[in-house]
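Just below is one structure, and these are the notes that go with it.
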Amino acid sequence: RMSDSKGKGSEVVLYLYDLSKGMARAMSKQLVGIQVDGIWHTGVVAYGYEYFYGGGIQSSMPECNQAGQAVQKIPLGRTTKTQEEFHHFLRTAAPQWTADKYHLLHHNCNNFSDAAVKFLLNKPIPGFITGLPSQVLSTPMGSMIAGYYENMAKNQANSFVPTGQGNLNLPPIGGGKMP
């Protein structure tokens with residue numbers, strides 16, 4: 001069905017992707033001593049589009065980006081904010097979400113999704129997603145490989161190729177399809 005952008009708000013759904021494609025679930029216990037169910041990437045689906053952080057603020061049709069198929073779709077509620085209000089928020093926030101500000105552990109796609117959902121619904125995304133980096137780093141092995149993560153962060157920042165021009169790629173107002 002077509003999303004309604006004229007003052008009617010939108011359903012907000014968090015799309016959860018496992019960048020490890022199941023490897024984290026299978027091997028995390030042996031590697032870091034705790035069960036990690038996935039290396040999470042998230043996108044916020046609202047107004048018929050998916051919004052995410054990768055080389056800047058990006059958007060696509062849901063599941064039509066480098067992350068592939070979502071392993072989980074978490075309905076978070078309905079926002080009363082219009083797509084225009086959301087885009088204004090994203091344009092204002094864009095300088096905080098450039099490729100050079102990316103950090104694998106502290107300023108990543110999940111932190112972006114959290115900020116977007118806080119704007120749309122005035123609540124955070126589930127803590128198991130945003131809490132994962134500190135959970136892993138609190139383990140003896142996790143803290144040992146923190147340096148490795150730092151190097152990975154530098155490379156990770158360039159792995160999501162922006163799908164638009166520069167640091168902000170917003171879809172047209174209206175016209176999106178909700179799954």
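Would you be able to tell me the number of residues in the range 120-142 that are outside any helix (DSSP H, G or I) and more than 14 Å from GLY43 (Cα to Cα)?
Summing the residues that are outside any helix (DSSP H, G or I) and more than 14 Å from GLY43 (Cα to Cα) in the range 120-142 gives 5.
Filtering the range 123-132 down to residues that are in contact with a strand residue (DSSP E or B) (Cβ under 9 Å, 6 or more places away or on another chain) and at pLDDT 95 or above, which residue is surrounded by the most Cβ atoms within 10 Å (Cβ to Cβ)?
Applying the filter and picking the extreme gives ILE125.
Counting only residues that are modelled with pLDDT of 80 or more, open to solvent by less than 80 Å² (accessible area, probe 1.4 Å) and either of a type outside the set (A, V, I, L, M) or more than 16 Å from GLU84 (Cα to Cα) (or both), how many does the range 1-26 have?
Going through the range 1-26 one residue at a time, the tally reaches 14.
May I ask you to list the residues in the range 52-66 that are in contact with a Phe, Trp or Tyr (Cβ under 6 Å, 6 or more places away or on another chain) and under 16 Å from GLY176 (Cα atoms)?
Residues satisfying the conditions are GLN58, SER59.
I want to confirm something. Restricting to the range 164-173 and keeping residues that are under 20 Å from GLU63 (Cβ atoms) and at pLDDT 80 or above, which single residue is surrounded by the fewest Cβ atoms within 10 Å (Cβ to Cβ)?
PRO172
Restricting to the range 60-95, give me the number of residues that are at pLDDT 95 or above and of a type in the set (S, T, N, Q).
6
Go over the candidates GLN30, GLN69 one by one and state the one that is more than 19 Å from LEU170 (Cα to Cα), touching a Phe, Trp or Tyr at 6+ places or on another chain (Cβ under 8 Å) and open to solvent by 40 Å² or more (accessible area, probe 1.4 Å).
GLN69
Which one of GLY77, GLY54 is surrounded by fewer than 21 Cβ atoms within 10 Å (Cβ to Cβ) and either over 20 Å from GLY174 (Cα atoms) or in contact (Cβ under 8 Å) with a residue 24 or more places away in the chain (or both)?
GLY77
The values are calculated or read from the model by the stated rules, or taken from the named source; none is laboratory data. Remember, it's a predicted structure, so these values are computed and weren't measured experimentally. We place every Cβ from the backbone using ideal geometry, glycine too, and count neighbours over all the protein chains shown. Calculation scope for accessible area: heavy atoms of the full protein, side chains included, ligands and nucleic acids excluded. Shrake-Rupley method; radii C 1.70, N 1.55, O 1.52, S 1.80 Å.
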